[in-house]
1. Taking the stretch B:92-142, which residues are assigned to a loop (DSSP other than H, G, I, E, B), more than 14 Å from every other protein chain (Cβ to nearest Cβ) and not acidic (Asp, Glu)?
2. Criterion first (of a type outside the set (Asp, Glu) and free of Cβ contacts under 8 Å to residues at least 40 places away in the same chain) does A:PHE74 satisfy it?
3. Within the stretch A:329-343, take every residue that is within 8 Å of another protein chain (Cβ to nearest Cβ) and closer than 10 Å to B:ALA101 by Cα and give me the one that is farthest from the chain's Cα centre (by Cα).
4. Within the stretch A:264-271, is even one residue surrounded by fewer than 23 Cβ atoms within 10 Å (Cβ to Cβ), under 21 Å from A:GLY288 (Cβ atoms) and either hydrophobic (A, V, I, L, M, F, W, C) or within 14 Å of chain B (Cβ to nearest Cβ) (or both)?
5. Please enumerate the residues belonging to the stretch B:93-135 that are basic (Lys, Arg) and without any contact (Cβ under 8 Å) to a residue 60 or more places away in the chain.
6. Tell me which residues, restricted to the stretch B:55-91, are crowded, with 24+ Cβ neighbours inside 10 Å and more than 14 Å from chain A (Cβ to nearest Cβ).
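The values are calculated or read from the model by the stated rules, or taken from the named source; none is laboratory data. No experiment lies behind these values; they were computed from the predicted model shown. Because the Cβ atoms are built from the backbone with ideal geometry, glycine has one as well, and the counts that use them run over all protein chains shown.
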Amino acid sequence: MNFKENRLPAFLVAGVALLILPLIAGQFGNAWVRIIDIALLYVLLALGLNIVVGFAGLLDLGYVAFYAVGAYMFGLLASPQLTDTFPGIAAMFPNGLHTPWWVIIPLGAVLAGGAGVLLGAPTLKLRGDYLAIVTLGFGEIVRVFMNNLDAPVNITNGPKGITGIDDISMFGVHFGKTGHFMGLDFPKVTNYYYLFLILVIIGIVVCHRLERSRIGRAWMAIREDEIAAKAMGINTRNLKLLAFGMGATFGGVSGTMFASFQGFISPESFSLPESVMIVAMVVLGGIGHLPGVIVGALLLAALPEVLRYVAGPLQAWSDGRLDASILRQLLIALAMIGIMLARPRGLWPSPEHGKLAPTAAPLKTRDDPSVPQPVGPNVSEATNESHPSGTRHV
Amino acid sequence: MDTFIQQMINGLVLGSVYALVALGYTMVYGIINLINFAHGEVLMVGALTSWTVVTALGGMGLPGWLLLLLSLIAAIVVCCALNYSIEKIAYRPLRNAPRLAPLITAMGMSLLLQTLAMIIWKPNYKSYPILLPSEPYNVGGAVINNVQIMILVVTAVTLSGLMYLVNKTKLGRAMRATAENPRVAGLMGVRPDQVISATFIIGAALAALAGVMYAANYGSVQHTMGFLPGLKAFTAAVFGGIGNLAGAMVGGVLLGLIESFGAGYIGAITGGVLGSNYQDIFAFIVLILVLTLRPQGLLGERVADRA
């Protein structure tokens, strides 16, 4: 924190760079701006998941469900889907259902947050892998419902998805249309870039403030040792629910953004690989460390997309077997394995952990709060009772 | 009543497959505390290998059962080699890393195997030929065919073989010792690394077997086919109490039955509002209920909090 005075110019440069980035990228085609937009959305998702996984230490593999809740809510409230299905609603909104953003975004956040608490409640006692698998199951349940709620009443339109979702327009600016300002063109992707950038900055500020707050410290205490945290008077139940809720809120907001940005949503976008990808972003970047998480998200989201555009020759060479999407999947898989093997703590881990690591290394128990710390005369007893994870062999 | 018996047969067949896969999960979890996410993909590779062998040798006029046996052997060999390498490459270097690291490589492996399978075998559905005589037998109004009988018999034999292996042989004792405490097991002359490799190989053989039987029963193979059975088998392992072999078997069979009865009766119970396309959610609902009400699983022991 001593560098505060030196940071201002750096911040200014970064700010200006971020402002003109889409204008430069736009010169090479809107596809590049689009890649940046999607990457920003992933940053937002990764920031949200980082609250759950990174701060509170609760491994959530169903995170994409909250993303889906937000997206589907936007999809239903700002597209012809509901008015087509229910004549009653069509009669109420003769001009079609176009809910404004200031209703839909907070509603998406609240709904997703509620879903997060709802998921959190029955899983409070579970930890680690068990929690992972339950959240994974929750994500799958949500996806099965999205896929099948087109009968008997057509709500989600099943696997075909919802089309014709409105673009966001706020303060007289219509994000879907190309705008002109100071002699520059602002196409849809650029408009959304600024919107997403603002959201990401808000997200970073919120996460940063949370991390330093009483709540954030309590989450980290729970992550390191839940029983000790409880003994210190931390209300672990409420704080875990809060972590789920906060994380889900981020997911919900990202979902609404995704829906309006794409104009089309289907259950396909909210499948398990997507959840895995977001978890991978958080873990690869450096779990619980904001800059790391952002780097992880940008890297995993943008790199394969960029390579997608150079995949043409490869596709021709491999007889069409290696198309862009396969290549992308391959790269993500290799990145997940490769980065973890090279840097198990992530690309940019939080420095506190780095400092603690040398002293913790001989015990191998730092990451496993379940293992009783072998202190005092009960050493042998403690190791016998402990689970093998704590006393693993090299 | 016919429906009841029929769903019972279907459930047992499905449950047998789940049980075989669940054993792989539960053995690995019991020893190194890792959800081997790539296990479902091992099943898929087994099924696709078997498909390749069957189609390649199909023109030679061999009898169906021999073809099935040959393809099964090929699948087991390939899967064992595969799972052995997965453990060696992706999990062993991370044995002492933060808990999430091997989990991420496991998911990466799963994705990698799916992608590679898609590249090697192309993404379309491939129909698995009918190798055993398929005329069904009538059992109290319900029908069962040769493949289903084979699945039930083979599973029963395999499971008893595995129980013998784990409970009576030297390797089995070493496995149990390593699961209990690898460091102490090492002091007693067990080599944990070898035991872990052996565990992965046994798990892969079971998954290959399950994959071939799954393909023979449902008649189609594809690169994504391993995902759902894998996930449900893991559910079954948790259901029975993870780390517990008998639990995995019981959990697998019960889960198969629950799914089968659920899919068979959900339409009648909800008056046609929900159809059998909701089959996939039963496993997860069961999972959530079990973990909330009895977190250690049906046969699991209460262990001190494992994170």
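1. Within the stretch B:92-142, B:TYR125, B:TYR128, B:PRO129, B:ILE130, B:LEU131, B:LEU132, B:PRO133, B:SER134, B:PRO136, B:GLY140, B:GLY141 meet the criteria.
2. no
3. First, the residues of the stretch A:329-343 that are within 8 Å of another protein chain (Cβ to nearest Cβ): A:329-330, A:332-337, A:340-341.
Those still in the list that are closer than 10 Å to B:ALA101 by Cα too: A:336-337, A:340-341.
On the way: A:MET336: 16, A:ILE337: 20, A:MET340: 19, A:LEU341: 23 Å.
Looking at the filtered set, the residue picked out is A:LEU341.
4. No, the stretch A:264-271 contains no residue that is surrounded by fewer than 23 Cβ atoms within 10 Å (Cβ to Cβ), under 21 Å from A:GLY288 (Cβ atoms) and either hydrophobic (A, V, I, L, M, F, W, C) or within 14 Å of chain B (Cβ to nearest Cβ) (or both).
5. Across the stretch B:93-135, the qualifying residue is only B:LYS122.
6. B:SER71, B:ALA75, B:CYS79, B:ASN83
Residue-by-condition table, conditions (1) at negative phi; (2) modelled with pLDDT of 80 or more:
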position	(1), (2)
A:GLY183	no, no
A:PRO187	yes, no
A:ASN191	yes, yes
A:ARG209	yes, yes
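Let's see how each residue does on (1) over 24 Å from B:ILE242 (Cβ atoms); (2) surrounded by fewer than 23 Cβ atoms within 10 Å (Cβ to Cβ); (3) under 18 Å from the mean Cα position of the chain (by Cα); (4) within 7 Å of chain B (Cβ to nearest Cβ):
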residue: A:LEU107; (1), (2), (3), (4): yes, yes, no, no
residue: A:VAL110; (1), (2), (3), (4): yes, yes, yes, no
residue: A:GLY114; (1), (2), (3), (4): yes, yes, yes, no
residue: A:GLY120; (1), (2), (3), (4): no, no, yes, no
residue: A:LEU124; (1), (2), (3), (4): no, yes, no, no
residue: A:ASN154; (1), (2), (3), (4): yes, yes, no, no
